[in-house]
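What follows is a short report on a single structure.
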Amino acid sequence: MTPRIALLGFSIECNRFAPIATETDFVTRTLIAGAEMVREARSPAPRMLGEMPGFIAAMDAAGPWEPLPSVLAMAEPNGPVEQGFFDRLMAQWEADLTAAGRIDAVYAVLHGAGLTTDDHDPEGTLLRMVRRVVGPSVPIVATYDLHANVADADVTTLNAFIGYRTNPHLDMRERGAEAAAMVRRLLDGQKTYLAHIRLPIVPPTVTQLTGKDATNRPYGELIDLGQQRMRQPPYAGRVLNVSVMGGFAFADTPFNGLTVVVTATDQDAADGLAREIAEAGWARRAKFRPMLTSLEDAVRLARDTASPLIFADVADNPGGGGRGNTMAILQAFHQAGVTGALVGVIHDPALAREAFGLGVGAAFTARFNRDGGDAFSKPFSAPAVVKSVRDQPIRGRRGIYADNTLDTGPSAAIALDGITVVVLSNRYQCADPMFFEAFGLDIAAARVVVVKSRGHFRGGFDEFFRHEQVIEVDAPGLTSPILSRFAWRYMPRPVLPIDDHAEWNPAR
Ligand SMILES: [Zn+2]
């Protein structure tokens, strides 16, 4: 009998301190329903991240199946999602599942660090509804971003939990394909058992790198250990997936904390390996501390460096809910007379549209954050010349956005003396070289590149900059890795590294 698989998704990383996310934010990125979701996922440059395309491609390759697509909703990280919009999504998912007739399995694309204005755990709310509708015996498999904060429902409602294993996230398609293989296995009658252990460690974003070139990579070591141990006795053949979830501090939930989730063919294996990896994580607890460069030192480096450097504005990362428009680094570099520099990408629709309208060659006063801005995003003005403009979507070529279609809206590259700044109408993390190249800018010729990105730029710009050429700058913003600067309300305390001490006693 041809398996009938329900498909749905809800993926947004929510920063408790950022402005509310609305339906428009999802429409701008990915809000796709029904057959169009499947069509789009099978296209060469889908308007969605890689999990669903990876899942569908793997299902297609493995034999006949029937997709039952509902709604896939994805947005750039932002604040909590407006409750009314999430309620409408819930109603649509439930109506689609109810109307679908026979369902043999469900695949859900989730992020795991979602919030709504009324709910700490919208993914859990969604999963409990799905379980209620499909009943206890239909397999439900979900994939998660590695910044997921794992709530109980993420484990108790699922037959398999599959988290990304790379940061920058370069394995989204692979994890979608893994979910497809898992679904096939569950359809063949495989029974699964899950275990999860949460540690009182909330790793700052910059300590969650998995690349082999990083100097301090406690998190990457845990992921490697999980992959290694699941293939060795006594776990080989019994453990089906090990997911080490670094979590997203800025969601500020009662279930924040680095969490190990194991899916296995027996409970002992799941429990045993989860315990082993959690203990290895606890042993590394002192290593989850950021090492940033002060703005003053960054200015000195940018002014004087002989070899090219890339400066990451980690505290204003749109990929973590940052607004992509703080001026601290741009203003300081401009005042210091830094030359040969590219800065991207600033989200400022008013300025982007103005420059776009003026056209190439126009000289004008660039007024950033002209509406007054907010606590972190301050107004800044400087004489500028428009270097290039465009309003066609950009096709990502490298890193997390590879082969994604990105709608930037009317946009421009403008020169402020020796600094060329790319300004967009829509908000994106500067994770792909195309954000410069699409404007005719030569990254290889720049002395200094500044990116509004915490870490995903590493997967896009690694062909220009080695790990040693990356400077993570300590500037103000909504995504600062210095977690002690935030007023946490829901985070379990004490927790490392926000507090000096925390207790964890493995129950044996
Ligand atoms: Zn992530």
Looks like the chain, by Cα gyration tensor root eigenvalues a ≥ b ≥ c and the a/c under 1.5 rounded cutoff (else prolate when a/b is bigger than b/c, oblate otherwise), is prolate
Please list 3J(HN,Hα) in residue order for the stretch 427-440, calculated via the Karplus relation 6.51 cos²θ - 1.76 cosθ + 1.60 where θ = phi - 60°; whole Hz, with x for glycine and proline.
8, 9, 7, 7, 10, 10, x, 4, 5, 9, 4, 5, 9, x
Going highest first, how would you order 256-266, 486-496, 385-395 by mean Cβ packing within 10 Å?
256-266, 385-395, 486-496
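Roll a 1.4 Å probe over the protein chains and send me the accessible area per residue for the chain in Å².
Each residue of the chain exposes 36 Å² on average to a 1.4 Å probe.
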Show me the ranking of peptides 19-31, 51-63 by mean Cβ neighbours inside 10 Å, starting with the highest.
51-63, 19-31
Check cross-link reach from LYS378 to the lysines: straight Cα distance under 30 Å, and skip same-chain residues fewer than eight apart.
LYS387, LYS452
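Leaving out ligands, DNA and RNA, what percent of the accessible area of the stretch 293-480 is carbon and sulfur, probe 1.4 Å?
Heavy-atom surface of the stretch 293-480 belonging to carbon and sulfur, 1.4 Å probe: 50 percent.
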Carbon and sulfur atoms: what percent of the 1.4 Å accessible area of the stretch 35-186 do they account for?
54
Cut-off 14 Å (backbone N to label point 7 Å along Cα→Cβ of ALA45), residues of the stretch 386-407:
391-398, 401-407
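How would the stretch 89-182 be classified by its alpha-carbon gyration tensor: rounded, prolate or oblate, with rounded meaning a/c under 1.5 and the a/b versus b/c comparison settling the rest?
Note, shape of the stretch 89-182 comes out oblate.
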Sum up the charges of everything whose Cβ sits under 12 Å from the Cβ of THR293, counting Lys and Arg as +1 and Asp and Glu as -1, but leave THR293 out.
-4
How many angstrom separate the Cα center of the stretch 209-247 from the Cα center of the stretch 370-436?
36
Multiply the residue gap between ALA283 and ALA444 by 0.36 nm, knock off their C-alpha separation, and tell me the result in nm, one decimal place.
53.9 nm
Of PRO233, GLY459, ALA375, farthest towards positive along the dipole that unit charges on Lys, Arg, Asp, Glu beta carbons give the chain:
PRO233
Taking H as built 1.01 Å from N, whose amide H comes closer than 5 Å to the amide H of VAL81, not counting residues under 5 places away?
ALA21, LEU115, THR116, THR117
With the Cα gyration tensor of the stretch 293-480 giving a ≥ b ≥ c as the square roots of its eigenvalues, does the rule (a/c under 1.5 for rounded; else a/b larger than b/c for prolate; else oblate) give rounded, prolate or oblate?
rounded
Positive minus negative residues near ARG353 (Lys, Arg vs Asp, Glu; Cβ under 15 Å)
-1
Taking every pair of alpha-carbon atoms in the stretch 369-508, give the share separated by more than 26 Å as a whole percent.
40
How far, in degrees from 0 to 90, does helix 83-99 lean away from the longest principal axis of the Cα atoms of the chain, to the nearest 10?
40
Note the angle between two axes, namely the Cα long axis of helix 51-62 and the longest principal axis of the Cα atoms of the chain, as a number of degrees from 0 to 90, rounded to the nearest 10.
50
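Taking the Cβ of THR2 as the centre, find all other residues whose Cβ is under 12 Å away and add up their charges (Lys, Arg: +1; Asp, Glu: -1).
Neighbour charge sum, excluding THR2 itself: 0.
The values are calculated or read from the model by the stated rules, or taken from the named source; none is laboratory data. Every value quoted in this text rests on a predicted model; they were computed, and no experiment measured them. Note that we place each Cβ from the backbone using ideal geometry, even for glycine, and neighbour counts take in every protein chain shown. Note: accessible area is taken over every heavy atom of the protein model, side chains too, but ligands, DNA and RNA are not part of it. Shrake-Rupley method; radii C 1.70, N 1.55, O 1.52, S 1.80 Å.
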